[in-house]
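Enquirer: Structure in structure tokens, see below.
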Amino acid sequence: DAGVIQSPRHEVTEMGQEVTLRCKPISGHDYLFWYRQTMMRGLELLIYFNNNVPIDDSGMPEDRFSAKMPNASFSTLKIQPSEPRDSAVYFCASTPLGNTIYFGEGSWLTVV
Amino acid sequence: QKEVEQDPGPLSVPEGAIVSLNCTYSNSAFQYFMWYRQYSRKGPELLMYTYSSGNKEDGRFTAQVDKSSKYISLFIRDSQPSDSATYLCAMSGSGGYQKVTFGTGTKLQVIP
């Protein structure tokens, strides 16, 4: 199994630009999560989906953040407009009906 | 106050030492307790999983949960340089694993 696949691995963008992060979960996993990791706040859950339906987006910091899951094999996290404080590592993760969350390798975002 | 508190370290130990990593939490609804290991520039991966109070052993790793004190620990015996990583505690409540709360992580370095 290829695992959770994220792209891009690294992104440097200017403040005000739109950023789109992409994720392909592990096939057959019903749940998909987007996390953000920073030194100060650790790993924070932004939003999660069950069977492509957003269940809880209470962790999304602002309206500038949006996430979609148009089908079982693809999800996007979009930031528009981006700000320097959005600089972080963004992880996508997925899980079947169980207790192990499988993380991708992360998308390292720097907003200058 | 954060729901989950974890000493960020860094913790530096000689090879072969016994390592103790700890987390405290405030939410008494947590019932599932996990430890994730995260190597540099990688996503976290599940190391140990425990339900409710008690001990669980897996090779050189032992996880302990004391719900009365709201305190969990991970012990690593005969530590190896390959154990050098950041260790994140994680927990979730009766709502299931979907809403997992992570600690900020403790960075461990095992010196040969």
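The values are calculated or read from the model by the stated rules, or taken from the named source; none is laboratory data. Given the structure is predicted, the values throughout are model-derived calculations rather than measurements. Heads up, the Cβs are rebuilt from the backbone with ideal geometry, glycines too, and the neighbour counts pull from every protein chain shown. These accessible areas exclude ligands, DNA and RNA; they are computed on the full protein's heavy atoms, side chains included. Shrake-Rupley method; radii C 1.70, N 1.55, O 1.52, S 1.80 Å.
Enquirer: What residue, among those in region A:90-101 that are open to solvent by 10 Å² or more (accessible area, probe 1.4 Å) and not polar (S, T, N, Q), is nearest to the other protein chains (Cβ to nearest Cβ)?
Expert: Among them, the one singled out is A:Gly98.
Enquirer: Quick check on region B:51-58. Is at least one of its residues part of a loop (DSSP other than H, G, I, E, B), in contact (Cβ under 8 Å) with a residue 24 or more places away in the chain and either in contact with a strand residue (DSSP E or B) (Cβ under 9 Å, 6 or more places away or on another chain) or open to solvent by less than 20 Å² (accessible area, probe 1.4 Å) (or both)?
Expert: no
Enquirer: Still on this model: Just the residues that are in a loop (DSSP other than H, G, I, E, B), touching a Ser or Thr at 6+ places or on another chain (Cβ under 6 Å) and closer than 14 Å to A:Ile101 by Cβ, please, taken from region A:1-56.
Expert: Within region A:1-56, A:Val4, A:Pro25, A:Ile26, A:His29 meet the criteria.
Enquirer: Residues in region B:90-99: is at least one surrounded by fewer than 15 Cβ atoms within 10 Å (Cβ to Cβ) and assigned to a strand (DSSP E or B)?
Expert: Among the residues of region B:90-99, not one is surrounded by fewer than 15 Cβ atoms within 10 Å (Cβ to Cβ) and assigned to a strand (DSSP E or B), which makes the answer no.
Enquirer: Now for a different question. Under 27 Å from B:Asp7 (Cα atoms), of a type outside the set (Lys, Arg) and touching an Asp or Glu at 6+ places or on another chain (Cβ under 6 Å), is that true of A:Ile47?
Expert: Against the criterion (under 27 Å from B:Asp7 (Cα atoms), of a type outside the set (Lys, Arg) and touching an Asp or Glu at 6+ places or on another chain (Cβ under 6 Å)), A:Ile47 qualifies.
Enquirer: Only one of these conditions is not met by A:Leu109: (1) under 24 Å from B:Arg37 (Cα atoms); (2) surrounded by fewer than 20 Cβ atoms within 10 Å (Cβ to Cβ); (3) more than 11 Å from the chain's Cα centre (by Cα); (4) at pLDDT 95 or above. Which number is it?
Expert: (2)
Enquirer: For region B:59-85, give me the residue count where each residue is in a strand (DSSP E or B), open to solvent by 10 Å² or more (accessible area, probe 1.4 Å) and more than 17 Å from B:Ala17 (Cα to Cα).
Expert: 4
Every residue, every condition in (1) without any contact (Cβ under 8 Å) to a residue 24 or more places away in the chain; (2) basic (Lys, Arg); (3) open to solvent by 20 Å² or more (accessible area, probe 1.4 Å), yes or no:
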residue	(1), (2), (3)
A:Gln6	no, no, no
A:Arg9	no, yes, yes
A:Met15	no, no, yes
A:Leu32	no, no, no
A:Arg41	yes, yes, yes
A:Asp56	yes, no, yes
A:Ala67	no, no, yes
A:Pro70	yes, no, yes
A:Lys78	no, yes, yes
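Enquirer: From the list A:Asp86, A:Asp30, A:Asp57, A:Asp63, which residue is away from chain B (no Cβ under 14 Å) and at pLDDT below 95?
Expert: Testing whether each residue is away from chain B (no Cβ under 14 Å) and at pLDDT below 95 leaves just A:Asp63.
Enquirer: Within region B:27-50, track down each residue that is modelled with pLDDT of 95 or more, in a loop (DSSP other than H, G, I, E, B) and either under 15 Å from B:Gln6 (Cβ atoms) or within 10 Å of the chain's Cα centre (by Cα) (or both).
Expert: The answer is B:Pro44, and nothing else.
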